[in-house]
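Encoded as structure tokens, the structure appears first; notes follow it.
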Amino acid sequence: MSRRHVLVTGAGGFVGSALSRGFARLGWEVTAVDRHFDDAEQGGGIRRVSADLGAAGEPELPASDVVIHGAWVTSDPAILGIHPAEYVAQNLRPLATILEYAARTRPHAFVFLSSSGVFSAQDGEGELNDGVQPTGTSPYAAAKRAAELLLPSALPPPTAVHVVRLGYLFGPGE
């Protein structure tokens, strides 16, 4: 029996690299995709693919059982010197690429790493759960929310689609 395979985008970042290492430790075959990797993070049974998912054309990626999409521009568009609409586009283009890959390869599961940043300070009155409608209006919130809304129709069964809204994360390497 072959090992299960996971493809992680944004694998050069804090969360993506931790997920890649964790899956490798569990015995999964891991393909890690990002534009840039820290050279200190080599090895560990992880196949690294340097690719810009927002560029024209899809990189050559192996089929996988699970896709975890964590590639995201998190800096404020004003700091980057770009218009908010371009910021949203820079995040949704890589998503479109990986959704086309997933539609073609049909993984068992697609996990989108969203964020509690989709919420505004007024949402949930201190308690955030699946029943609270997000009302965040920042470019970051708008892009994450657009992705969340697109996913159910972009990947039909049998691919199970999961949205995970991560909170504030920190730790060694952040």
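The values are calculated or read from the model by the stated rules, or taken from the named source; none is laboratory data. Everything quoted here is computed from the prediction, not taken from an experiment. In this analysis, Cβ positions are derived from the backbone assuming ideal geometry, glycine residues included, and neighbour counts consider all displayed protein chains.
Remarks
- Residue count for segment 40-89 satisfying the condition of being assigned to a helix (DSSP H, G or I), among the charged types (D, E, K, R) and either at pLDDT 95 or above or surrounded by fewer than 14 Cβ atoms within 10 Å (Cβ to Cβ) (or both): 1.
- Test: ALA103 is assigned to a helix (DSSP H, G or I), at negative phi and more than 15 Å from the chain's Cα centre (by Cα): yes
- Scanning segment 154-174 for residues being among the aliphatic types (A, V, I, L, M) and part of a strand (DSSP E or B) gives a total of 5.
- The C-beta contact set for segment 50-74 (first residue within 18 Å of ALA142 (Cα to Cα), second residue buried (at least 19 other Cβ atoms within 10 Å of the Cβ) and modelled with pLDDT under 95, distance under 7 angstrom, 6+ apart or interchain) comprises GLY70/GLY13.
- Apart from one condition, ALA121 fits all of (1) over 20 Å from PRO152 (Cα atoms); (2) assigned to a helix (DSSP H, G or I); (3) not acidic (Asp, Glu); the exception is (2).
- Of all the criteria given as (1) over 17 Å from GLY54 (Cα atoms); (2) touching a Leu at 6+ places or on another chain (Cβ under 8 Å); (3) of a type outside the set (Gly, Ala, Ser), the one not satisfied by PRO156 is (2).
- Summed over segment 12-39, residues that are at pLDDT 95 or above, among the aromatic types (Phe, Trp, Tyr) and part of a helix (DSSP H, G or I) total 1.
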